[in-house]
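Have a look at the structure below, then the notes.
The values are calculated or read from the model by the stated rules, or taken from the named source; none is laboratory data. Here the structure is a predicted model, which means the values were calculated and not measured. All Cβ positions, even for glycine, are placed from backbone atoms using ideal geometry, and neighbour counts span all protein chains on display. Only protein heavy atoms, including side chains, enter the accessible area calculation; ligands, DNA and RNA are left aside. Shrake-Rupley method; radii C 1.70, N 1.55, O 1.52, S 1.80 Å.
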Amino acid sequence: MVRARRPAILAAAAVLWVSAAARAEFVLASKDSAAAIVVPPSEPEFLRLAALDLIEDVRRITGRTLPRAVAVEACRPHCVVLASVSLADSRRIIAGLAPGLQLPQEPESARLLTLERPARNILLIAGADPRGTMFALYDLIARELGVDPLYFWSGRSHPRREQLALTVDRTLAAPSFRYRGWFINDEDLLTEWKDGGGPRDINYPYYHQVTAPEIHPRIFEAMLRLKMNLVIPASFNDIDNPAEERMIREAARRGLYVSMHHVEPMGVSAFAFNNYWRARGRSVEYSYASNKAAFEEVWRFYARRWAQYPVVWQVGLRGIADRPIWLADKQAPTTDEGRGAMISDAIALQRRIIAETDPRPQPPITTTLWMEGAYLFRQGNLKLPNDVTIVFADNSPGWKWQADFHDTPREKDRTYGGYYHHAVWGWGPHLVQAVPPSVTFRMTREAYERNGPHYFIANVANIREFVLGLAATAEMVWDIAAFQPDAFLRRWCQERFAAAAEQAEKAYRAFFDAYVLNETRGTPDLLDGLTLHEGNRIAKALLEGRNEDLYTKLSRQDANLAKSFPDLRATGEEPPDALLLRVRRQLAALDRAIAAAEAVSLEGEAADFFQANLVGQAKILSGLGRWTAALAEASIAERKHDTGAVHRHLKAALESWDEIRAGQALNTKGEWSHWYRGDRKMNLGAAYRTTKTLITRKAGS
């Protein structure tokens, strides 16, 4: 009887020992000591790189440099041990340090605890897998050390302390979403901010160089510190260009899954297709309908290149510059049925290529129902293999899911995901954030409840404008049940603006509430892009002598956009006098928000960040609104043949650029001085020049 009970008694004793030991205080760094870090040799490189981030963080906080130890046995008196249950060598180390410890099992989960052993203390971070170990380390750095995961993008320095001592005994539960990603899209400011990234061969007005090599590590580091695990590192990426492959290689090296823009299925955009054949001395028409074999050759070539990395595949068939295939392929079918059948055929071929190229038994594959994909699938004209994850998209400005998200029955054996926009070029947001955490949370929760816990990716544009939203999104996709939008915004302000947290929070809320919502759609009508487009539309009509058309021939969305985004507000949807009323409403609310923000008293880096993240952006949006309003008033005056009023309003339009530039100046201090150098998408400079030309023309008329 005694022998029979002995193992159970020993096991219980081990559990009690672990529990007691976990109460030990662990000194990570002090005036007289610095803990060593142990990463077992079998662990992947990305975990060692994460350990280097810990070393750098501790150096910035305390001035001490943590040494690295070769083995646990040689590590004294304080040791940080990073080990993963899924690796045999690491599992043995964990068992030796904490016998009886309940080990994490779910992907990317982890256990963190401090242990007191004879002659040494140990901080054990044990992940179910290496990514779990890595994310637990970054979670500890943020929570226990107080390091902002977005410190580079927010300019927030590390807190200074003489000693880092902690007691930890907690579990990092598995994330709510299996894949949690960023799509670096429309990244015009990033690509031109700094030079040195290398050229791109792309027949497009944008992206003539790759983002500088020192910037992508900053992007990937921020993602990992936020516990994101998937990235589409650029728009129209061509892995056959060494400068562009560098982005993919660096992301994979840091531990991120890599994926592709929906306009580049299999990693092949129309630009990459043309580059491939031009490099081989041939000119091949971009037509799947007539050149299927040429597409298959290119897809196979690129599949072999991408399969070297931890890739989440994207399948589909798109045209040029994020447009339907039939706008580029003149041989394509002309009916929705025929078009859906052609895209379905291409996806089936891509699925076979993936099966022949990717050695993983179940490689992750996605297709994004963007634009034509949404309505073709909703009609039943698009057929997808059952192991392809269907990714539903929002209506672009990130305020509601499209109809197919709600109407499509979910298949039992299929996985689903969501594609969400913090930013989108064209309508906006692009230079000015717009989506509050409460809206993002509603959208994310709907995606989780309707799609399940598989996949969520956010369009983040140039990142810097959207750090508040990105921090909130990271928290909710990791633990959707625990997230509370109001509490998040309150904590965000308390952590960054402690001296005036309550006033800063009110200013943020006033800013997000300033956007005028469409009474029918429930979405914002005057984002930065839409406001700019409306002003450009009026200015162009005034220049070309078509002012009357703005009242009699209102523009309409093209057919593809109307089918894809029925909730999207079209530019030119209303005449200038009706537009003017909306703009004035938003300007009045923005005036109140800016007044609230300018009343917030802050100093140093807190002031710099608040000015860049809120005040500067609000001024840019306000200036764009005043410019559009003045042009609308000039249009109204010209219709009344009031030349004097036309000149006054055009002068006011030009003066509105002072506010825009004042906003930009708040965002371009220090190392960010060239931040707007790459403004090719919104192209505010062109709008300013148009205004000056318009004044000159009207002055001579």
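The table below gives the values:
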read-out: The stretch 579-644: GluC sites (Glu not before Pro) falling in loop per DSSP and having at most 15 other Cβ within 10 Å; value: Glu603
read-out: Surface accessible to a 1.4 Å probe, per residue, for the residues of the stretch 295-449, Å²; value: 35
read-out: Under the Karplus curve 6.51 cos²θ - 1.76 cosθ + 1.60, θ = phi - 60°, whole-Hz ³J(HN,Hα) for the stretch 291-308, x wherever Gly or Pro sits; value: 10, 4, 4, 5, 5, 4, 4, 5, 4, 5, 4, 5, 4, 5, 5, 5, 5, 6
read-out: Using θ = phi - 60° and Karplus 6.51 cos²θ - 1.76 cosθ + 1.60, couplings along the stretch 584-591 (whole Hz; Gly, Pro as x); value: 4, 4, 5, 4, 4, 5, 5, 4
read-out: Net lengthening on full extension, His208/Glu671 (0.36 nm per residue, minus Cα-Cα); value: 164.5 nm
read-out: Cα centroid of the stretch 128-171 to Cα centroid of the stretch 189-212, whole Å; value: 33
read-out: Low-density loop cleavage sites - trypsin sites (Lys or Arg not before Pro) in the stretch 260-317, where at most 11 other Cβ are within 10 Å (DSSP); value: Arg280, Arg282
read-out: Nonlocal amide H pairs with Ile37, under 5 Å, H built at 1.01 Å; value: Arg68, Ala69, Val80
read-out: Accessible area of the chain belonging to carbon and sulfur atoms, whole % at 1.4 Å probe; value: 51
read-out: Listed values (1) 27; (2) 18; (3) 34, entry calculated as percent of Cα pairs over 45 Å apart; value: (1)
read-out: Magnitude of the charge dipole, the stretch 173-332, Cβ model with Lys/Arg +1 and Asp/Glu -1, debye to 20; value: 560
read-out: Extension reserve of the Ser290-Ser42 stretch, reckoned as 0.36 nm per residue once the Cα distance is removed; value: 84.3 nm
read-out: Sequence-distant residues sharing a close amide H with Leu28 (under 5 Å, placed H); value: Leu164, Ala165, Leu166
read-out: Separation between Cα centres of the stretch 516-565 and the stretch 110-127, rounded to whole Å; value: 60
read-out: Set Lys619/Lys651; Lys292/Lys330; Lys540/Lys669 screened for pairs whose C-alpha atoms are more than 24 Å apart; value: Lys540/Lys669
read-out: Once the Cα gyration tensor of the stretch 152-260 is diagonalised, semi-axes √(5λ) in Å; value: 31, 18, 11
read-out: Summed residue charge, Cβ within 9 Å of Gly623's Cβ, Lys/Arg positive, Asp/Glu negative; value: +1
read-out: Karplus-derived HN-Hα couplings along the stretch 114-129 (A = 6.51, B = -1.76, C = 1.60, θ = phi - 60°), whole Hz, x at Gly and Pro; value: 9, 10, 9, 10, x, 6, 6, 10, 9, 9, 9, 10, 10, x, 4, 8
read-out: Over the stretch 101-145, relative contact order from alpha-carbon pairs under 8 Å, at least 6 apart, %; value: 35
read-out: The stretch 349-416 versus the stretch 238-271: alpha-carbon centroid distance in Å; value: 20
read-out: Crossing angle, helix 2-21 versus the chain [Cα axis fit, 0-90 degrees, rounded to tens]; value: 50
read-out: Local electrostatic count at Asp358 - Lys and Arg +1, Asp and Glu -1, tallied over other residues with Cβ under 13 Å; value: +4
read-out: Distant-in-sequence amide H partners of Leu115 (H built 1.01 Å from N, under 5 Å); value: Ile122, Leu123, Leu124
read-out: Principal-axis tilt of helix 643-666 within the chain, Cα atoms, nearest 10 degrees; value: 10
read-out: Within the chain: Cβ-based charge dipole about Cα centre, in debye rounded to nearest 20 (Lys, Arg +1; Asp, Glu -1); value: 900
read-out: Sequence-distant lysines (8 or more away, or on other chains) whose Cα lies within less than 19 Å of Lys412; value: Lys383
